Amino acid sequence: MQTFNLQMWIRVIGMLVAFASVGHAQNGDRPGEEQPALPAHIQAPPAPPLSPEDALKSFRLQPGFRIDLVASDPMIESPVALAFDPDGRLWVLEMRGFMPNADGIGEDAPVGRVSVLEDVDGDGRMDKRTIFLDGLVMPRALALVRGGALIAEPPHLWFCRDTNGDGKCDEKIEVANDYATEADPKLGSKMNPEHSANGLMWAMDNWIYSANYTTRFRNVDGSWHREPTVSRGQWGLTQDDFGRIFHNSNSDPLRADLVPSQYLSRNPNLRGAVGVNFQVAKDLAVWPIRVNPGVNRGYQKGQLRDDGRLATYTGACGPCIYRGENFPKEFSGAAFVCEPTGNLIRCERLTESDGFILSTNAFPQAEFLASTDERFRPVNLYTGPDGGLYVVDMYRGILQHRMYLTSYLRKQSLSRALDKAVDRGRIYRIVADGRPLNRKPALSNASGATLVATLAHSNGWWRDTAQRLLIERADAKVVPDLKELVASGKEALARLHALWTLDGLGRLDARTLEGALDDTSPKVQAAAIRLAEPFLKTGDSQAATLWNKTVARAASQDADVLIQLGATLSETKGTVADQALSSLLARGATNALIREAVISGLRDRELEFLERLSTEASWMESTPARVQTFATLARCVLNTAKADKLNGLLSLAAKQPAAAWKQMALLNGLAEAVPPKVAGKPANVRLVKFEAEPTGLTELKKIERAEIRERVEQISSLFTWPGKPGSLPEVVAQPLTAEEQERFKAGKELYLISCGACHQPTGLGQEGLAPGLLDSEWVLGSEQRLIRITLQGVRGPLTVKGKVYSLEMPTLAVFNDDQLACVLTYVRREWGHTAAPVAPATIAKIRAATEKREEAWTEAELLKLP
């Protein structure tokens, strides 16, 4: 078997894949599903392309605001992203190859480009264009860094620069060759630009994040570094003033990382944490001002209202946390979300309490901006340096990619010629009436002192840009000014940015952090605790005072401080840290974010921590939060699947007073892991193996209390040992041959590239995105079903381990038979799985038998297969 090589894989796929049939069925059609015509009273008016001036007349904007045209076709075409450089020039990424027709033929044409626009006469409208880089195939993300631009052209992430001053790119350096691989045009008809990486964003922590991608990047001294992170959303990223990342997916308008993701992903025993990928917006209803029959599943009940308007989100994307100062104060920190299928932009007002963020529609049963023009397609939003809210309008008819296009939508599109005039695009700016705008920035040649002062600017774009430039310049002369700003800056946001700038420069010190721990702002204190972690681990004398001041923060009443303290101290380890964590949880465990932050750092130490808590005086009395803490820690011990740990937990439970709160909490935590029955049979569950009946369980059986006996009987189903009554014979994994072992190794790399973003490297999945593969009946059961899922995809609802998921998994048919066998062998033998490997010949046989099938499978169809 040949050694796996990513570039070889891309070339092989390009040769293997042919264009999909453009016959009657569409890729988005579901087998056996009727797509009836809409009721006669729902009539969509003609949708001719409007001039920019007429398009402005189609808008309904909330009172007190004004929308202006900034740029339009033919200057720009099919814009999907933008960025302002330090001098206010507007960089626009143009995906000109996207769906040039209803069949998507021609998307591999090298017509994409990045244009730089300038407003020469100062009237607010761009009047000069320089094409920085063209000849791109389906470019999809842009970020300005180090005097150049990161540009994503699948599967490449390029760092592009103009080295001779003519405004055009003359140097391209590859930063990554696995960026948005699902959208690589070489995949032909299997290319999937709707579910692949995008949204490059420099965040406050000096890392560059993407949506729909499990890698973050950072440039240190001119060298690009990368490390894993969680996958976020579908299209677009944004951050708030404190560096918290927000994202969304088509039917889920706003989610956020309430806690830095690296903490909650460090303990695989802690599952289902709420602090990452938290659903901020619960209200999914939308309020267009026109009928919207041209949505992909407009024929489905509930997708449209009785009057033909879109009822719920189906294309949410491009979120933006407004961080300017032109809008009235009540809009500071508000979230704006694009809904291009409904031709509207939502404004969500955010409220924060104890670290949790929730939102409500700022204009109940209405939208911030809506249009009667069906071709208005807002896909991204940005806070501009002038304080305006910038709208990227792709302006086109067909927005749904052919990978998911239904016959219904195709008919809708063709009936109104929405497949025509695809070479348009507009950028708008929304401003508040009667309120001033900022001057045009001139930061590229600003002095270090000026940039330090800019960290106190009222506009988030200015602060972010100043921070980035200071780090990129690496000028040691600004370090004293930055430290002074941390110590005595008037604005909390300035002090916060100064801390992260010093971190980016590698010039933080213990004394500066000690001062920041006494800051009047809890957000600054929390950042100082986080940034103190490298110093706390050194153990030298300089860190002693910092350590004492950090631990003392446990007396704080603020959730931000306590959440970060829990995350930091649990990583630090040690008796003093554990004592502080015990005290912190005794008071603050009512907050799930604090509880998760602590437990996330206790990987494989959960039992020892439980033993500590069980004897401490502060944990004698029962509270709902303490009960939940014990139950969660017990579940974590079970998730280790280590017999000695679990026996220790059972023994600990047996030692507690009968039916007292600690005993019941521990047993209930284990009982929660007992899966529900599916079709009258227990769902698939991994059993913890013991050499004999665990002594802790034996002791628990001696307790003659009905509630204890009930729990013991429940949790016994989670364990097995030789001779256990009613137990099934142990399944012994079939040893892999040398060839199969090579497939397993190659499969791991392929899995991380193609599947890990959604299902996660741990196989645990991600709430709101994808179910876990760990112990999944679909992974470990019939290979006939599993292979079909990967060849044609699957559409929800799909039941996985007793939980129903409404999802659409795209096909992996771009892999050849051997590559697909690698992936499937990997997931059936990784994470302790013992299922049989999958042979390429089996895949070849099923591929041939299903080669004419284009639609995804349903659960009902798959369950009919052996």
Hey, any hits in region 785-807 for a residue that's closer than 22 Å to Tyr213 by Cα, open to solvent by 20 Å² or more (accessible area, probe 1.4 Å) and out of contact with any strand residue (DSSP E or B) (no Cβ under 6 Å at 6 or more places or on another chain)?
yes
Quick one: in region 673-704, which of the residues that are of a type in the set (S, T, N, Q) and at pLDDT 95 or above is nearest to Cys636 (Cα to Cα)?
Thr695
Any pair with Cβ under 8 angstrom, 6 or more apart, that starts in region 132-160 at a residue that is free of Cβ contacts under 8 Å to residues at least 24 places away in the same chain and ends at one that is open to solvent by 10 Å² or more (accessible area, probe 1.4 Å) and aromatic (Phe, Trp, Tyr)
Gly148/Phe159
Single unsatisfied condition, Asp540 versus (1) touching a residue at least 12 places away in the same chain (Cβ under 8 Å); (2) surrounded by fewer than 18 Cβ atoms within 10 Å (Cβ to Cβ)
(1)
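In region 592-624, how many residues are part of a helix (DSSP H, G or I) and surrounded by fewer than 18 Cβ atoms within 10 Å (Cβ to Cβ)? Before the answer, list the steps.
First, pick out the residues of region 592-624 that are part of a helix (DSSP H, G or I): 592-600, 606-615, 617-619, 624.
Next, from what is left, pick out any that are surrounded by fewer than 18 Cβ atoms within 10 Å (Cβ to Cβ): 608, 611-612, 614-615, 617-618, 624.
Final tally of qualifying residues: 8.
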Please go through region 174-200 and give me each residue that is hydrophobic (A, V, I, L, M, F, W, C) and more than 24 Å from Arg129 (Cα to Cα), ordered by number.
Val175, Ala176, Ala180, Ala183, Leu187, Met191, Ala197
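Would you be able to tell me the number of residues in region 819-834 that are hydrophobic (A, V, I, L, M, F, W, C), open to solvent by 20 Å² or more (accessible area, probe 1.4 Å) and in a helix (DSSP H, G or I)?
The first filter runs over region 819-834 and keeps only residues hydrophobic (A, V, I, L, M, F, W, C), leaving 820-824, 827, 831.
Cutting the leftovers down to open to solvent by 20 Å² or more (accessible area, probe 1.4 Å) gives us 831.
Remaining after also requiring in a helix (DSSP H, G or I): none.
Qualifying residue count, region 819-834: 0.
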Could you pull out the residue among Asp373, Asp393 that is under 22 Å from Val431 (Cα atoms), surrounded by fewer than 23 Cβ atoms within 10 Å (Cβ to Cβ) and not aliphatic (A, V, I, L, M)?
Asp373
Scan of region 184-235 for residues that are open to solvent by less than 30 Å² (accessible area, probe 1.4 Å), polar (S, T, N, Q) and modelled with pLDDT of 85 or more, ordered by number
Ser196, Asn198, Asn206, Ser210, Asn212, Thr214, Thr215, Asn219, Thr229, Ser231, Gln234
Could you please find all residues in region 275-321 being touching a residue at least 12 places away in the same chain (Cβ under 8 Å), under 29 Å from Ala211 (Cα atoms), of a type in the set (Gly, Ala, Ser) and surrounded by fewer than 23 Cβ atoms within 10 Å (Cβ to Cβ)?
Ala285, Ala311
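Out of region 563-579, which residues are open to solvent by 10 Å² or more (accessible area, probe 1.4 Å) and either in a helix (DSSP H, G or I) or within 13 Å of Gln525 (Cα to Cα) (or both)? Please lay out each step first, then the result.
So in region 563-579, the residues open to solvent by 10 Å² or more (accessible area, probe 1.4 Å) come out as 563-564, 571-576, 578-579.
Those that are open to solvent by 10 Å² or more (accessible area, probe 1.4 Å) and either in a helix (DSSP H, G or I) or within 13 Å of Gln525 (Cα to Cα) (or both): Ile563, Gln564, Glu571, Thr572, Thr575, Val576, Asp578, Gln579.
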How about region 163-183: which of its residues are modelled with pLDDT under 95 and aliphatic (A, V, I, L, M)?
Ala180, Ala183
When the residues of region 680-705 are narrowed to those that are among the small types (Gly, Ala, Ser) and open to solvent by 50 Å² or more (accessible area, probe 1.4 Å), which ends up farthest from Ala665 (Cα to Cα)?
Gly680
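Any chance you could count how many residues in region 835-851 are at pLDDT 90 or above, assigned to a loop (DSSP other than H, G, I, E, B) and either open to solvent by 30 Å² or more (accessible area, probe 1.4 Å) or within 26 Å of Glu730 (Cα to Cα) (or both)?
At the first step, the residues of region 835-851 found to be at pLDDT 90 or above are 835-850.
Still in the running and assigned to a loop (DSSP other than H, G, I, E, B): 835-839, 850.
Cutting the leftovers down to either open to solvent by 30 Å² or more (accessible area, probe 1.4 Å) or within 26 Å of Glu730 (Cα to Cα) (or both) gives us 835-839.
Residues in region 835-851 being at pLDDT 90 or above, assigned to a loop (DSSP other than H, G, I, E, B) and either open to solvent by 30 Å² or more (accessible area, probe 1.4 Å) or within 26 Å of Glu730 (Cα to Cα) (or both): 5 in total.
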Members of region 213-235 that are farther than 21 Å from Cys160 by Cα and of a type outside the set (Ser, Thr, Tyr)
Glu227, Pro228, Val230, Arg232, Gly233, Gln234, Trp235
Can you list the helices (runs of 4 or more DSSP H) lying wholly within region 437-514 that have 1 or more residues being more than 30 Å from Phe327 (Cα to Cα) and not basic (Lys, Arg)?
460-473, 479-488, 492-505
So, Asp386, is that one over 19 Å from Arg309 (Cβ atoms) and either in contact with a helix residue (DSSP H, G or I) (Cβ under 8 Å, 6 or more places away or on another chain) or open to solvent by 10 Å² or more (accessible area, probe 1.4 Å) (or both) or not?
yes
Only listed residue being within 30 Å of Leu469 (Cα to Cα), surrounded by 15 or more Cβ atoms within 10 Å (Cβ to Cβ), over 27 Å from the mean Cα position of the chain (by Cα) and modelled with pLDDT of 95 or more, chosen from Val80, Val92, Val70, Val114:
Val70
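Does at least one position in region 462-470 carry a residue that is open to solvent by less than 70 Å² (accessible area, probe 1.4 Å) and of a type in the set (Asp, Glu)?
Narrowing region 462-470 to residues open to solvent by less than 70 Å² (accessible area, probe 1.4 Å): 462-470.
Retained after the next criterion (residues that are of a type in the set (Asp, Glu)): 464.
There is at least one residue in region 462-470 that is open to solvent by less than 70 Å² (accessible area, probe 1.4 Å) and of a type in the set (Asp, Glu).
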For Leu791, are the conditions met, namely being touching a residue at least 12 places away in the same chain (Cβ under 8 Å), outside any loop (DSSP other than H, G, I, E, B) and closer than 26 Å to Gln26 by Cβ?
yes
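Only helices (runs of 4 or more DSSP H) wholly contained in region 706-784 count here; list those with 1 or more residues that are farther than 29 Å from Leu667 by Cα, open to solvent by less than 50 Å² (accessible area, probe 1.4 Å) and in contact with a strand residue (DSSP E or B) (Cβ under 9 Å, 6 or more places away or on another chain). Before the answer, list the steps.
On the way: elements: 706-716, 738-754, 756-759, 777-780.
By residue number, 756-759, 777-780.
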Determine, yes or no, whether Asp560 is open to solvent by 20 Å² or more (accessible area, probe 1.4 Å), assigned to a loop (DSSP other than H, G, I, E, B) and not basic (Lys, Arg).
no
A careful count of residues in region 759-788 that are on the phi > 0 side of the Ramachandran plot and free of Cβ contacts under 8 Å to residues at least 40 places away in the same chain gives 1
Kindly list, by first and then second residue, each pair from a residue in region 176-200 that is more than 19 Å from Trp224 (Cβ to Cβ) to a residue that is open to solvent by less than 10 Å² (accessible area, probe 1.4 Å) and aromatic (Phe, Trp, Tyr), limited to pairs with Cβ atoms under 9 Å and residues at least 6 apart or on different chains.
Ser196/Tyr179
Scan region 797-823 residue by residue and report those that are in contact with a Phe, Trp or Tyr (Cβ under 9 Å, 6 or more places away or on another chain) and without any contact (Cβ under 8 Å) to a residue 40 or more places away in the chain.
Val800
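The values are calculated or read from the model by the stated rules, or taken from the named source; none is laboratory data. Not measured: the values here are computed from a predicted model. A quick note on method: Cβ atoms are made from the backbone with ideal geometry, for glycine too, and the neighbour counts reach across all protein chains shown. SASA here: full protein model, heavy atoms, side chains in, ligands and nucleic acids out. Shrake-Rupley method; radii C 1.70, N 1.55, O 1.52, S 1.80 Å.
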